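Peer 1: There's a structure below that I have some questions on.
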Amino acid sequence: MKALGIGSNIRQIGNVTNPSIVISHEGDKVVLKTLSLILNTEISFKLGEEFDEITADDRQVKSIVTLEGESLVHVQRWDDKETKIVREIKDDLDL
């Protein structure tokens, strides 16, 4: 059975990984890198502007990312479905 069109193998892998998220900017674009032992992904976008994205589980979606307070809110839409990812931004300079 698939939830949100995601196969069980991908969900199982996602459940055991603990990826690092690296957020940076290049000019007027935000670059979001997700780094793990299994898979690395990178997307680049302008805040508040819709863009085409191919997700780590190979879905083709329309995405929009906005900044709400101290969180990046990432909405993905495909096949009359929607998912919302909220990433809280924390300054991790205390080493």
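Peer 1: Would you kindly find the accessible area of Lys84, with a 1.4 Å probe and non-protein molecules such as ligands, DNA and RNA excluded, rounding to the nearest 10 Å²?
Peer 2: Accessible surface of Lys84 is approximately 130 Å².
Peer 1: A follow-up question, please. Output the direction-averaged projected area (hull surface divided by four) of the convex hull of the alpha-carbon atoms of segment 16-95, in nm².
Peer 2: Projected over every direction and averaged, the Cα hull of segment 16-95 covers 6.4 nm².
Peer 1: Considering only protein heavy atoms and a 1.4 Å probe, what is the carbon-and-sulfur percentage of the accessible area of segment 35-74?
Peer 2: On the way: 1230 of 2540 Å².
Roughly 49 percent of what the probe reaches on segment 35-74 is carbon or sulfur.
The values are calculated or read from the model by the stated rules, or taken from the named source; none is laboratory data. Computed from a predicted model, the values in this text were never measured in an experiment. SASA here: full protein model, heavy atoms, side chains in, ligands and nucleic acids out. Shrake-Rupley method; radii C 1.70, N 1.55, O 1.52, S 1.80 Å.
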